[in-house]
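Colleague: One structure coming up, written as structure tokens, with questions to follow.
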Amino acid sequence: MAKQITFNFEGTDYVLEYTRRTVKQMEAEGFVSGEIDSKPMSLLPALFAGAFKAHHRFVKPEVIDNIYAAMPDKEGLIGRLAEMYNEPILTLLEEPEDKPGKKVLWTASW
């Protein structure tokens, strides 16, 4: 099961999650996770906002900003978001299941 963060803000339940699609969308919008240390003012809010794309894509940026401002333990939150963000990326490297006829065997010519 995908990692999720759940909470309620002003009577609305939210589920934050990243999928392959949302990570790809964030990358297309210019998000580069490796630049978080050098651009924290723009990329940390983008990391938080990106987690809304899977289940709450139409939430206004002002609402997302208000939710972030109300969140306690931001350091822990950012750590969890980073862990969640990496999960869909790691699925790209997963090995296929051992089922007959489901694996594609490959060889290199050098």
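The values are calculated or read from the model by the stated rules, or taken from the named source; none is laboratory data. Computed from a predicted structure; not experimentally measured. Cβ placement follows ideal geometry from the backbone for every residue including glycine, while neighbour counts extend to all protein chains displayed. In case anyone asks, the SASA skips ligands and DNA or RNA and just uses the protein heavy atoms, side chains included. Shrake-Rupley method; radii C 1.70, N 1.55, O 1.52, S 1.80 Å.
Colleague: How many Å² of accessible area per residue for region 1-79, probe 1.4 Å?
Modeller: Ligands and nucleic acids excluded, the result is 64 Å² per residue.
Colleague: Considering only protein heavy atoms and a 1.4 Å probe, what is the carbon-and-sulfur percentage of the accessible area of the chain?
Modeller: That fraction is 56 percent.
Colleague: Give the calculated FRET efficiency between Phe58 and Val32 to the nearest 0.05, with a Förster radius of 35 Å applied to their Cβ-Cβ distance. Please report the intermediate quantities before stating the final value.
Modeller: Values: r = 25 Å, r/R0 = 0.71.
My answer for the efficiency is 0.90.
Colleague: Taking the inverse of the average 1/r across all pairs of different Cα atoms in the chain, what Kirkwood radius in Å do you get?
Modeller: For the chain, the Kirkwood estimate is 15.8 Å.
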